[in-house]
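Data first, discussion second: the structure below is written as structure tokens.
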Amino acid sequence: MKQDPRRLGSDIGLSCLMKTFRYPRTNRMSIGLARVAWFADREDGAFAHQLLDDVRRLLASDLSGAELSALWLAGTVRDFDLELCGTEGRQWLTWIEEIAEYRITWNVGDAPAPADPPPARGLAEAVLGEIEAVAAELESATVGHSYAAVPGVVPVLRRVVAEVDPDLGFRLLMRVLKSFFMTVDPERIEAYYVLAGLLGLEEEVVDDGDFNVRRD
């Protein structure tokens, strides 16, 4: 592995994979799996490491297949709809895990490392606070979307932060806000930058050009 898998100048892990499934829309499983393999291969396999870490954390959790589906569908605005593909979130993440682990083993001397310990619980409270700040609007946007409605997203995001990993929960929050093109105040963006720094994330996790920033 030639690059730090958390310093890639972009979003990382599962939240970054979700972005790559936006446009063109497809519901063919063969294309979906090929796209996962392409993503894991980026930067000589560097993108596979955080992806593997993320999906292993989620698969080790008590989140149901339906809850994991809700995360995926919200992060992609159903542009790769697991329900139409005849599968659910836990099975889909298992396939992603297999692909990411296989790609990592291509690099001689490179093996999947144990997952890093989750950040301090104090950061979980901070991320939960950011979810609560947009909860009502986010619930309305996801449940009431005209063609990509996804119920139950906010409760699942809370569970990811509290029970799985605040870092992953924060990145998934960023992705869902962008995917549903929610309007965000500049002050809130600045707060996201601060929190990203505390989580050890690059600014590109927040600012990748997809945010709909409120302009006065």
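The values are calculated or read from the model by the stated rules, or taken from the named source; none is laboratory data. All values derive from a computational prediction rather than experimental measurement. Don't worry about glycine lacking a Cβ; one is built from the backbone with ideal geometry, like all the others, and counts go over all protein chains shown. In case anyone asks, the SASA skips ligands and DNA or RNA and just uses the protein heavy atoms, side chains included. Shrake-Rupley method; radii C 1.70, N 1.55, O 1.52, S 1.80 Å.
How big is the chain by the Kirkwood estimate over distinct Cα pairs, in Å?
Value: 17.3 Å, from the Cα pair sum.
Which order do Cys16, Cys85 take by accessible area at a 1.4 Å probe, largest first?
Cys85, Cys16
GNM on the chain, C-alpha springs below 10 Å: top fluctuator among Gly200, Gly169, Gly13?
Gly200
Once you place label points 7 Å from the Cα toward the Cβ at Asp207 and Ala66, how far apart are they in nm?
Going by the 7 Å Cα→Cβ label model, 4.1 nm.
Averaging sequence separations of C-alpha pairs under 8 Å and six or more residues apart, then dividing by the length of the chain, give the relative contact order as a whole percent.
Computed over the chain, the figure is 24 percent.
Collect residues whose amide H, placed 1.01 Å from N in the peptide plane, falls under 5 Å from the amide H of Thr183; neighbours closer than 5 in sequence don't count.
So Thr183 has HN proximity to no qualifying residue.
With every protein chain in place, what's the accessible area of Asp44 (1.4 Å probe, Å², nearest 10)?
Near enough 60 Å² of accessible area.
When the chain is treated as a GNM, springs tying every alpha-carbon pair under 10 Å, which of Arg175, Arg158, Arg188 comes out with the largest mean-square fluctuation?
Among Arg175, Arg158, Arg188, the largest GNM mean-square fluctuation belongs to Arg188.
Which translational diffusion coefficient, to the nearest whole µm²/s, is obtained for region 13-74 from the Stokes-Einstein equation, given a Kirkwood hydrodynamic radius over C-alpha pairs, 4 °C and 1.567 mPa s? Don't jump to the answer; show the numbers that get you there.
Numbers: Rh = 12.5 Å.
The calculation lands on 104 µm²/s.
To the nearest 0.05, how large is the calculated FRET efficiency for Arg25 and Glu125 if R₀ is 25 Å and r is the Cβ-Cβ distance?
Step by step, r from the Cβ atoms, then E = 0.10.
Please compute the contact order of region 155-216 in relative form: average sequence separation of alpha-carbon pairs under 8 Å and at least six residues apart, divided by the residue count, as a percent.
Rounded, it is 35 percent for region 155-216.
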